[in-house]
Amino acid sequence: MNIVMAGLLISVSGMTVIAAAIFGVIPPENKPLQYAFIVIGWVFVIIGIIVRWKGMKMEREQEKRREQNRK
């Protein structure tokens, strides 16, 4: 699996947790637990963004190397 796609899946799973917590799909026992689910979702979103950024950076570096090898 491409690392950029893995980052996207991590972000989407985080967004799903956030949406589930907001819309009440995940039944919270109390408000702090609901906030905890939202924070956990945001952590996944941020991790996914970082993974995608690193993957895109690696792909750009590989493309630069290929261009240098062609010259």
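The values are calculated or read from the model by the stated rules, or taken from the named source; none is laboratory data. Treat the numbers as computed from the prediction; the structure is a model and nothing was measured. Don't worry about glycine lacking a Cβ; one is built from the backbone with ideal geometry, like all the others, and counts go over all protein chains shown. Keep in mind that these areas ignore ligands, DNA and RNA; they rest on the heavy atoms of the full protein, side chains included. Shrake-Rupley method; radii C 1.70, N 1.55, O 1.52, S 1.80 Å.
Scanning the range 13-67 for residues that are closer than 29 Å to residue 2 by Cβ and either in contact (Cβ under 8 Å) with a residue 60 or more places away in the chain or among the charged types (D, E, K, R) (or both) yields a total of 11. Scanning the range 1-39 for residues that are hydrophobic (A, V, I, L, M, F, W, C), open to solvent by less than 80 Å² (accessible area, probe 1.4 Å) and over 20 Å from residue 56 (Cα atoms) turns up 17, 18, 19, 20, 21, 26, 33, 36, 37, 38.
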